[in-house]
Amino acid sequence: MFRPTFAVVDAPAIRTNVAAVRSLLESHKRLLVAVKADGYGHGAAAAAEAALAGGATDLGVASVEEAVALREADVTAPILVLGVSSAVGVRQAAEFGVTVTLGRLEEVDEIDKIPWPTPSLIPTGACVESPGQSLRAKVHLKIDTGMSRLGVRSAADAVLLAKRIVSSERLELSGVFTHLACADASSLAHAEAQIERFQEALSALREAGIDPGVVHAANSAAALRRPDWHFDMVRVGIAAYGYGPAGAFDSPVPLVPALNLYSCVTRVATLQAGDTVGYGATFTAPREMRIATLPVGYADGYFRILSNRASVLFQGRRAAVVGNVCMDQLMVDVTALPEVTVGDCATLYGRSAPEDWTAERLSAAAATDLNAFVGPAFFAGNSASILSLDELADLAGTISYELMCALSPRVPRVVVAL
Ligand SMILES: Cc1ncc(COP(=O)(O)O)c(C=O)c1O
């Protein structure tokens, strides 16, 4: 680690959060944890392992590529691709024992057109029940009840698509689901209307003699606040990573933020009144000030819109971000923190860093085993002082999800052991 900026992924927190959600479910219900977008920025494999340790039964990803990456990381749990897949993608999903989402009749037509492995050519480990049987991709049928994103838009179309899937030799219908657009809102009227439409489609499927398989609708918000919407499985993302959905309700279970971002001071300068800070000189010192530089910027996922708005923590005490956030660096006001010096570790978000995390000690540890140094010490940080991604998201006019996903791959992630 030649640049003292790193993230700590608190895998035990993910496990605890998932177990907390699990405690809200009836024991026979399934719990899918969304680990798409590299586990909401935490690292997909680490997030998957922690989620499964906390009681997840299934994992959700955005693409077949993300699913295959998990299989290649030896994840054997059921995986559902929540997004769209091409016909070739569906074939690959079948070969890797991954379930796909379908929501258009034309998708099935495309799947029927491409070459498909004959029984003798089916790769070992692929999803077939017995030798000689043809390879089948497991499918969850998506119903668009109000998100207007993916899926069939009526009960009649759900029946048509389900029949088409059931009659295909290449596919197996194993689930039916919808996605709620406003389950985190103060009024649940929109979500209630979606659930009503979903129930109508389920009734139509059952009346047509179709077994829908695993039925699911709830994201984190619905899983936390509406047990009557749990159906057979819930699909939880943001709650697993320790944040409530953006909306207007409190989680019934405690959630612990799992993503933490740190950067160590590279310079402290004394500015005189009238001196300016950063590109565009958007901050002018009103008096003599001490300004510390941190080697982290918008290319790391710390948004430029946080310029002159956000603050960082030093031992639980705040220092305001002054001037424009640069691509790789930013400046903070440490005038009121005279003890802050070069090498001290600032917390950009998450749990306040332990006192002994200095650039010097971290870089010495990085030469041997950074995880061994950071992991155990992590919990010695000031847990009373957490700089929440919700706070930064509010300042940036976005949601915690986007800030998590924005954490750049160039930021080394230290994963705390389970
Ligand atoms: C289809 C689907 N289900 C579940 C989730 C999880 O949502 P949340 O992170 O709000 O729990 C997502 C995330 O966007 C999703 O796209």
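Things worth noting here:
- Under the simplified labelling scheme, the Glu355-Ser154 pair shows an inter-label distance of 7.0 nm, with each label point 7 Å from Cα along Cα→Cβ.
- Full-extension gain in nm, Ala406 to Glu196, via 0.36 nm per residue minus C-alpha separation: 72.1 nm
- For Ala248 and Glu65, the difference between the fully extended length at 0.36 nm per residue and the C-alpha to C-alpha distance is 62.4 nm.
- Between the helical axis of 11-22 and the longest alpha-carbon principal axis of the chain there is an angle of about 50 degrees.
- Taking a ≥ b ≥ c as the square roots of the eigenvalues of the Cα gyration tensor, the chain is classed as prolate, since a/c reaches at least 1.5 and a/b is larger than b/c.
- For Thr99, Thr270, order by how many other beta-carbon atoms lie within 10 Å, fewest first: Thr270, Thr99
- The peptide list 387-399, 311-323, 290-302, put in order of mean Cβ contacts within 10 Å with the highest first, becomes 290-302, 311-323, 387-399.
- Shape category assigned to the stretch 12-241 from the gyration tensor of Cα positions, a/c cut at 1.5: oblate
- A straight Cα-to-Cα reach below 28 Å connects Lys29 with the lysines Lys138, Lys142, Lys163, residues fewer than 8 places away in its own chain not being considered.
- Exposure proxy order (Cβ contacts within 10 Å, fewest to most) of His28, His216, His140, His190: His28, His190, His140, His216
- Angle in degrees between helix 359-368 and the longest Cα principal axis of the chain, rounded to the nearest 10: 50
- Gain on full stretching of the segment that runs from Ala73 to Asp390 - 0.36 nm per residue minus C-alpha separation: 111.0 nm
Taken together, the values in this text are just the output of simple stated rules run on the coordinates, not laboratory data. All values derive from a computational prediction rather than experimental measurement. Every residue, glycine as well, gets a Cβ built from its backbone with ideal geometry; the counts of neighbours run over all protein chains shown.
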